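The structure appears right after this line, and notes come after that.
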Amino acid sequence: MASDCLFCKFVSKEIRPNLAYEDDQVMVFHDIHPQAPVHALVIPKKHIDSVSAIPSGDPIVSILTERAVKVAAQLGIAQEGFRLVFNNGHNGGQTISHLHLHLLGGRPMAWPPG
């Protein structure tokens, strides 16, 4: 865990996010600046800086996407469709250095995304 990481503070319960789901490996919470009617962030409880920092062979991407699909169903957006997005690095739009997957839905998604 990184002591200065906002998401690690969520995991440690130092700060309490608006949770949508939690288990022993993953936490899902609603984004405070939603870009869609449903916008949640799916994070691993272990600190990994970014997609580029995932150790070789680590199953975390599968774990995060599996949980995102589960939460999409719980939030009522699975049938109509949803978008999953990883941002990586500054130019990729990553603003917090803790791996996270955006779950977006509740409206039609445009392409290109921006």
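Any read-out appearing in this document is the output of simple, stated calculations on the displayed coordinates, not a laboratory observation. No experiment lies behind these values; they were computed from the predicted model shown. Positions of Cβ are backbone-derived with ideal geometry, glycine not excepted, and every protein chain shown enters the neighbour counts.
Simple spin-label estimate for residue 79 and residue 62 gives 3.0 nm between the two label positions (7 Å along the Cα-to-Cβ direction from each Cα). For the range 1-98, applying the loop criterion from DSSP together with a ceiling of 12 other beta carbons within 10 Å to the GluC sites (Glu not before Pro) yields 14, 80.
Applying 1/(1 + (r/R0)^6) with R0 = 22 Å to the Cβ-Cβ distance of residue 69 and residue 45 gives a FRET efficiency near 0.75. Taking the square roots of five times each eigenvalue of the Cα gyration tensor of the range 72-114, the equivalent ellipsoid has semi-axes of 23, 14, 6 Å, listed largest first. Computed over the chain, the per-residue total of -39500 (n - 2.57) for DSSP H runs of n ≥ 4 gives a 222 nm mean residue ellipticity of -5500 deg cm²/dmol, rounded to 500. Computed over the alpha-carbon pairs of the range 6-105, the distance histogram in 5 Å steps reads 3, 13, 25, 27, 20, 10, 2, 0 percent, short to long. Placing pseudo-labels 7 Å out from each Cα toward the beta carbon at residue 15 and residue 91 gives an inter-label distance of 2.8 nm. In a simple Cβ point-charge model (Lys, Arg +1; Asp, Glu -1; nothing else charged), the chain has a dipole of about 160 debye relative to its Cα centre. Each pair of Cα atoms in the range 39-81 enters the Kirkwood radius, and Stokes-Einstein at 10 °C and 1.306 mPa s then converts it into a translational diffusion coefficient of 137 µm²/s.
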